[in-house]
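Everything below concerns the one structure shown next.
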Amino acid sequence: MNDQNLHDAVLAVRCQLGEKDAWEALVDRWHPRLWRFISRMLSDQTAAEDVLQIVWLRVVRSLLRLRDPERLAAWLYGIARFAVADQLREQYRRPPAGQLVEVSESDDAIELLDIAGAIETGLSRLHPSDREAVVLYYLEQRPVGEVAEICGVPSGTVKSRLHRARCVLRETLASEELENAHK
């Protein structure tokens, strides 16, 4: 067990014992990570904020049932994963809403927005299971084995999803570059 997993395990046990400081430390440590995961899985920031609140509510309600504190990271991402899946199912039932993007005057800011936009476009084109693998592996820097555990699939499946996602992202980024070159 690495130092982070040990720290998380101790934190989980302290929370299970009802230590208020431990809960604050858990939120401080995991809120940004869960936010990154959820906001990258969902394009609607308001929906992502709602899902994050649902995740924390589920954590508070069920942390006492966590039997293996060493698996806190996988357990938290699992809760977030199911909450995101619930939200995506709900989103697919509703028609998409338009989004407004604020653009800065600076060339650097516009270039960064173009890159970020291309990445977001690429992520949005991925199947949710592929996007989930990309976000957990590349953006949350979780090892393949842990991504497999979180997603409930074999490691080989995670590797296949990552490969398929890289192909889609490569195509998306290449088409964005080509489109920008013609402007």
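The values are calculated or read from the model by the stated rules, or taken from the named source; none is laboratory data. Model, not experiment: these values are computed from the prediction. Neighbour counts run over all protein chains shown; Cβ positions are idealised from the backbone, glycine included.
Taking the stretch 36-69 only, how many residues are crowded, with 17+ Cβ neighbours inside 10 Å and part of a helix (DSSP H, G or I)? Of the residues in the stretch 36-69, 15 are crowded, with 17+ Cβ neighbours inside 10 Å and part of a helix (DSSP H, G or I). Pairing each residue of the stretch 142-164 that is farther than 14 Å from Arg71 by Cα and not assigned by TED's automatic domain parsing to the domain that holds Gln4 with any residue that is aromatic (Phe, Trp, Tyr) and surrounded by 14 or more Cβ atoms within 10 Å (Cβ to Cβ), provided the two are 6+ apart or on different chains, yields C-beta distances under 7 Å for Val144/Tyr137; Leu162/Tyr137.
Filtering the stretch 3-35 down to residues that are assigned to a loop (DSSP other than H, G, I, E, B) and of a type outside the set (A, V, I, L, M, F, W, C), which residue is surrounded by the fewest Cβ atoms within 10 Å (Cβ to Cβ)? If we take residues in the stretch 3-35 being assigned to a loop (DSSP other than H, G, I, E, B) and of a type outside the set (A, V, I, L, M, F, W, C), then Gly18 is surrounded by the fewest Cβ atoms within 10 Å (Cβ to Cβ). Within the stretch 74-97, can one find any residue that is at positive phi and not in a helix (DSSP H, G or I)? The answer is no, given that none of the residues of the stretch 74-97 is at positive phi and not in a helix (DSSP H, G or I). Here Gln99 qualifies as at pLDDT below 75, over 29 Å from Asn5 (Cβ atoms) and more than 19 Å from the chain's Cα centre (by Cα). Looking across Ala73, Ala85, one residue alone is at pLDDT 90 or above, surrounded by 18 or more Cβ atoms within 10 Å (Cβ to Cβ) and small (Gly, Ala, Ser). It is Ala73. Pairs linking a residue in the stretch 21-37 that is in the same structural domain as Trp56 (by TED's automatic domain parsing) to a residue that is among the β-branched types (Val, Ile, Thr), with Cβ atoms under 7 Å and 6 or more positions apart or on different chains, are Leu34/Val55; Phe37/Val135. For the stretch 6-41, filtered to residues that are among the acidic types (Asp, Glu) and within 20 Å of Arg142 (Cβ to Cβ), the residue that is nearest to the chain's Cα centre (by Cα) is Asp28.
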